[in-house]
1. Out of all the residues in segment 103-116, is one or more over 21 Å from VAL25 (Cβ atoms), free of Cβ contacts under 8 Å to residues at least 24 places away in the same chain and open to solvent by 20 Å² or more (accessible area, probe 1.4 Å)?
2. Would you check which residues across segment 146-203 are in contact with a Lys or Arg (Cβ under 9 Å, 6 or more places away or on another chain), free of Cβ contacts under 8 Å to residues at least 24 places away in the same chain, of a type outside the set (Asp, Glu) and within 26 Å of PHE242 (Cα to Cα) and list them?
3. Which numbered condition trips up ASP286, out of (1) at pLDDT below 95; (2) out of contact with any Phe, Trp or Tyr (no Cβ under 9 Å at 6 or more places or on another chain)?
4. Since ILE160 meets every condition but one in (1) farther than 30 Å from THR19 by Cα; (2) outside any helix (DSSP H, G or I); (3) open to solvent by less than 60 Å² (accessible area, probe 1.4 Å), which condition does it not meet?
5. Given the options GLY208, GLY188, name the one that is at positive phi and surrounded by fewer than 15 Cβ atoms within 10 Å (Cβ to Cβ).
6. Sort out for me the strands (runs of 3 or more DSSP E) sitting completely within segment 47-123 that have 2 or more residues that are in contact with a helix residue (DSSP H, G or I) (Cβ under 9 Å, 6 or more places away or on another chain).
7. With farther than 30 Å from SER284 by Cα and modelled with pLDDT of 50 or more as the only criterion, which of GLY38, GLY21, GLY30 stands out?
8. Yes or no: VAL173 out of contact with any Ser or Thr (no Cβ under 9 Å at 6 or more places or on another chain) and modelled with pLDDT of 95 or more?
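The values are calculated or read from the model by the stated rules, or taken from the named source; none is laboratory data. Quick caveat: nothing in here was measured; it's all calculated off a predicted structure. Cβ coordinates were reconstructed from backbone atoms using ideal geometry, including for glycine residues, and neighbour counts include every protein chain displayed. Note: accessible area is taken over every heavy atom of the protein model, side chains too, but ligands, DNA and RNA are not part of it. Shrake-Rupley method; radii C 1.70, N 1.55, O 1.52, S 1.80 Å.
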Amino acid sequence: METTPIFFCRTARYARTMTPGDLRVALFSGNYNYVRDGANQALNLLVGHLLARGVTMRVYSPTIPEPAFPPTGDLVDVPAVPVPGGRGEYKIARGLPARPRADLARYAPNLVHVSAPEFLGHAAISWAKKRNIPTVASLHTRFETYPRFYGLGFLEKPAIKILTRFYNRVDQVLVPSPGMGDLLRDWGVTSPIGIWSRGINHDRFNPGRRDLAWRRALGLADDEVAVSFLGRLVLEKGLGIFADVIGELRRRGVKHRVLVIGEGPARGWFTERVPEAVFTGFLSGDDLGRAVAGMDIFFMPSVTETFGNVTTEAMAAGVPVVAARATGAIDLVQEGVTGFLVPPTDIVAYADAIQRLVEDAPLRKAAGEAGHSAARPYVWEKVNEAVLTQYLALMERRDG
């Protein structure tokens, strides 16, 4: 039986144990539930776990009248404006306005957790620092890579400087993988860095969910190898590389089908680039589990991942992975065992790896089985309990 770590909260007159019930956490998110993505799925699961452990939680985020899913815990709206540049589905708060600031003061947290390096996150950190309240920042997305996908690559170095400053302002940084910790250290982040990994719903994502009838309904024959994309259809997920690689496979005459699971603003662009693809649209719940198990090869050329929830879901479903040799995948994919890692822009090398898996069914089967085994340790309860442990350790360091 696992026990909760015991820490001591010291004052000038006495010392007592610090427990989960002593924590009053204010969590700040740029998108807690209005558009579904991997980051806010993780945040909602974390809040649910912490509430169950007795932690008092309050979440501050922009909201919309009809969000993608109901929020977990108490959610306070932060006024925000649409993100410019054709990405108006996302909102950005221009700081911490009077109404949520007053709510925050009444709530009186003793720990502030920020999950995005934007204006709201900076304002929340400044608010906490003025009151000597401990701060935690979790890293979910490699925002510094985004400009390169929109013709603004010259902004990447300035973005890294801004992000480094952001993470150096907090008392603790939580990253989802060791590779991300190494990257932050290379940037010059000196704040303590801990791991908040990610979990998998193993009942939903497993080989037993494979449904040949579902595939046939999409026009995929039982013996056809589906090279698949899974995720939000946005350019920063590497859709251009994906399309170029499919074109190379087509040029070589490699027999395959393309299965795309997901939805997003770049769907029209992607459809033009890969017109032969079968698009399922957005799927969730057990429908998503069935679709993932219906893939034969998971192809993830994204370099923006900090962990790669979709990669572990594919592995859990027994699907071999071909991914960019970048943060996230490098900590998950075992080269030549569960799949292959490829230099991020090497079209020929991607095509070589996929062709090898397409044409070698025993290798494909072995890699899928190895991935299924490798994914077993990723359990939400364990990884979220690690966050609570690090919260309590931070409180002791600050009180010590």
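1. no
2. LEU155
3. Just one mismatch for ASP286, condition (1).
4. The one condition ILE160 does not meet is (2).
5. Matching residue, one of GLY208, GLY188: GLY188.
6. Correct list: 56-61, 75-77, 111-114.
7. Checking each option against the conditions leaves just GLY21.
8. Judged against the criteria, VAL173 is not a match.
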